[in-house]
Amino acid sequence: MKKFLLMPALAITTVCSSFTPASEWEKYTSSEGHFSIAFPGKPEESTQDDETDDNTFYKIHLASFAPSENEAYITGWADMTNIFPKNKTVKQFLEDCRDNATRSMRALQVTTTAIELGDKPYIEFTFASDEATGKDRIYVINKFQYSIITIFALKTGIPPSADKFISSFAAK
């Protein structure tokens, strides 16, 4: 299995802890990643080098915002033009992404809430571990993988801002 399937868990380690009121949503655009999304504050950008099981190198691009210790909003993307698995359907790939992301977060409960295989295929799911809960949507569009993930403290639960963040994603 390719390491890029762990993108949401890797992103957790890059989240900053600055504070901005949640009412100040701002549009974030990645021209290189061909998308935009609305964050509840100014996200911090980072990249990580990674490699597939067959030693092909690629970059994971992240934008993250954590208005408190109890919540984080993260979007990540990777250009998979040269590394998309040839022996998988898009549905299998999305399910593998979900399984690897939730396994890396040590999720104890996972509920798939939607699978869309149309023009902009995605899988959406909720998860809960011993310490956190969240919602994630993973897309595969034009050989780019996008992960839009929200993570919250268990005591907080998943607020409506998770859906606002996830639904604001727009591929270009």
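Read the figures in this text as sums done on the coordinates, not as results from a lab. Computed from a predicted structure; not experimentally measured. Heads up, the Cβs are rebuilt from the backbone with ideal geometry, glycines too, and the neighbour counts pull from every protein chain shown.
Hey, can you tell me all the residues within segment 24-59 that are assigned to a loop (DSSP other than H, G, I, E, B), under 20 Å from residue 166 (Cα atoms) and among the acidic types (Asp, Glu)? Spell out the reasoning first.
In the first step, residues of segment 24-59 are kept if they are assigned to a loop (DSSP other than H, G, I, E, B); the result is 24-25, 31-34, 40-43, 52-56.
Within this subset, residues satisfying the condition of being under 20 Å from residue 166 (Cα atoms) are 24-25, 31-34, 40-43.
If the condition is that a residue be assigned to a loop (DSSP other than H, G, I, E, B), under 20 Å from residue 166 (Cα atoms) and among the acidic types (Asp, Glu), then 24, 32 are the ones that fit.
Every test in (1) aromatic (Phe, Trp, Tyr); (2) surrounded by fewer than 20 Cβ atoms within 10 Å (Cβ to Cβ); (3) under 12 Å from the mean Cα position of the chain (by Cα) is passed by residue 125 save one, and that test is (2). Checked against (1) part of a loop (DSSP other than H, G, I, E, B); (2) within 22 Å of residue 48 (Cβ to Cβ), residue 76 passes all but condition (1).
From the list 131, 116, which one is acidic (Asp, Glu), farther than 23 Å from residue 47 by Cβ and more than 17 Å from the chain's Cα centre (by Cα)?
Values: 116 fails: more than 17 Å from the chain's Cα centre (by Cα).
Among 131, 116, only 131 is acidic (Asp, Glu), farther than 23 Å from residue 47 by Cβ and more than 17 Å from the chain's Cα centre (by Cα).
When 98, 103 are screened for being crowded, with 21+ Cβ neighbours inside 10 Å and either farther than 13 Å from residue 148 by Cα or among the charged types (D, E, K, R) (or both), only 98 passes. Scanning segment 150-172 for residues that are β-branched (Val, Ile, Thr) and under 17 Å from the mean Cα position of the chain (by Cα) yields 150, 151, 158, 166. No other residue among 141, 123 is within 22 Å of residue 50 (Cβ to Cβ), out of contact with any Leu (no Cβ under 7 Å at 6 or more places or on another chain) and of a type in the set (A, V, I, L, M) apart from 141. Report yes if some residue within segment 132-146 is surrounded by fewer than 19 Cβ atoms within 10 Å (Cβ to Cβ) and more than 25 Å from residue 30 (Cα to Cα); otherwise report no. No, segment 132-146 has no match at all.
Condition check ((1) in contact with a strand residue (DSSP E or B) (Cβ under 8 Å, 6 or more places away or on another chain); (2) closer than 15 Å to residue 162 by Cβ) across all residues:
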{"residue": "103", "(1), (2)": "no, no"}
{"residue": "111", "(1), (2)": "yes, yes"}
{"residue": "114", "(1), (2)": "yes, yes"}
{"residue": "117", "(1), (2)": "no, no"}
{"residue": "125", "(1), (2)": "yes, yes"}
{"residue": "128", "(1), (2)": "yes, yes"}
{"residue": "133", "(1), (2)": "yes, yes"}
{"residue": "142", "(1), (2)": "yes, no"}
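For segment 79-110, give me each residue that is of a type outside the set (Val, Ile, Thr), more than 16 Å from residue 121 (Cα to Cα) and assigned to a loop (DSSP other than H, G, I, E, B). Those that are of a type outside the set (Val, Ile, Thr), more than 16 Å from residue 121 (Cα to Cα) and assigned to a loop (DSSP other than H, G, I, E, B): 82, 86, 87, 105, 106, 107, 108. The number of residues in segment 132-172 being part of a strand (DSSP E or B) and more than 23 Å from residue 118 (Cα to Cα) comes to 7. Here is a check on your reading of the model: is residue 71 buried (at least 16 other Cβ atoms within 10 Å of the Cβ), in contact (Cβ under 8 Å) with a residue 40 or more places away in the chain and closer than 19 Å to residue 135 by Cα? Considered against the rule, which asks whether it is buried (at least 16 other Cβ atoms within 10 Å of the Cβ), in contact (Cβ under 8 Å) with a residue 40 or more places away in the chain and closer than 19 Å to residue 135 by Cα, residue 71 comes out as yes.
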